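Colleague: What follows is a structure written as structure tokens; I'll ask about it next.
Just so it is clear, none of the values below were taken in a lab; they were calculated from the coordinates. Predicted, not measured: the structure shown is a model, and the values here were computed from it. Cβ atoms come from the backbone with ideal geometry, glycine included; neighbour counts cover every protein chain shown.
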DNA sequence: ATGATTGTTTGACGAGTATCCAACGATCCG
DNA sequence: CGGATCGTTGGATACTCGTCAAACAATCAT
């Protein structure tokens, strides 16, 4: 099932509907150093372009990062808006907070603590 | 580094010290259906024997479950006390709550919601 | 149009992992 | 002692996954 609420606004990459987000898939998606680093970027708020520089992920090939972003999107963690050549990624904070209350806040605190 | 606080009491299987518990390893350990099911058992409180019946994991070989329990222990999620032939597993709730405040609570709520 | 930019897709490869099975070690019980 | 119980370990196998490289598609700029 695909989320339909954003129809007619912009173009978005496919993502699971809110009610289809599964905890085990979210945890699996975040149980990787690269994707957890991406999460910490997204947690800072706003939209993030796929072009990443100086965030400690320069050693990775662009296709590798594209793969990781797809995993996060498929798990329901992020939403990706398509604007021309660019993709802007943001956290699905409202959806995640509604489905797993306190999870993102705990992860944010945990990431800061380390 | 190994946690030394429990010396002289009982025999425990090796586990990482509290300050060595890493968020990404915890998330990776829990990003698996079997281990997340185990977590939900441990979250109910008390110690749980390794003998599991009627909890929806009967289809797995005992060595497979032993492997999953080892992963949880190595990630710092659980502690295992050895008493004779038996092993009693419990959550390291205090350690995890101290290191990642709110994480276990959010996971518990998330598991109940599903 | 031509070329540069941005990101995805596909294939390949090595590393990791989930599972079962068999064997083992340790422990408890007659 | 001898057998049963509880759990771990090692090997084998199939599958998943992280990474890179090359090709591709779409868009923007000149």
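Colleague: Over all residues in A:89-102, what is the mean tally of Cβ atoms on other chains that come within 10 Å of each residue's Cβ? Write out the running numbers ahead of the final one.
Modeller: Numbers: counts 0, 0, 0, 0, 0, 0, 0, 1, 1, 1, 4, 7, 6, 9.
Mean partner shielding for this stretch: 2.
Colleague: With label points built 7 Å along Cα→Cβ from the Cα atoms of residue A:49 and residue B:105, find their separation and express it in nm.
Modeller: Each label point lies 7 Å from its Cα, and together they span 4.0 nm.
Colleague: Here's a follow-up. Which distances, shortest first and in nm, link residue B:93 to the matching position in the other copies, using label points set 7 Å out along Cα to C-beta?
Modeller: For residue B:93, the other copies' label points sit at 3.1 nm, shortest first.
Colleague: So, one more: Which whole number gives the average, over all residues in A:33-43, of C-beta atoms from other chains lying within 10 Å of the residue C-beta? Spell out each step's value before the answer.
Modeller: Working: counts 4, 1, 2, 5, 1, 0, 1, 0, 0, 0, 0.
Mean partner-chain Cβ count within 10 Å for A:33-43: 1.
Colleague: Another one. Taking 8 Å as the Cα distance limit and 6 or more residues as the minimum spacing, I'd like the relative contact order of chain A as a percentage. Kindly include the intermediate steps, with their values, before the conclusion.
Modeller: On the way: 118 pairs, mean separation 37.4, N = 114.
Result for chain A is 33 percent.
Colleague: How far, in nm to one decimal, is residue B:60 from itself in the other copies if the label point is set 7 angstrom along Cα toward Cβ? Shortest first, please.
Modeller: Listed shortest first, these distances are 2.8 nm.
Colleague: Rg to Rh ratio, region A:29-113, alpha-carbon atoms and Kirkwood radius? Each step should come with its number before you reach the end.
Modeller: Values: Rg = 12.5 Å, Rh = 13.3 Å.
So for region A:29-113, dividing Rg by the Kirkwood Rh gives 0.94.
Colleague: So if I restrict to the alpha-carbon atoms in the protein assembly as shown, what is the Rg, and what is Dmax, the biggest pairwise distance, in Å?
Modeller: Answer for the protein assembly as shown, Rg first and Dmax second: 19.3, 67 Å.
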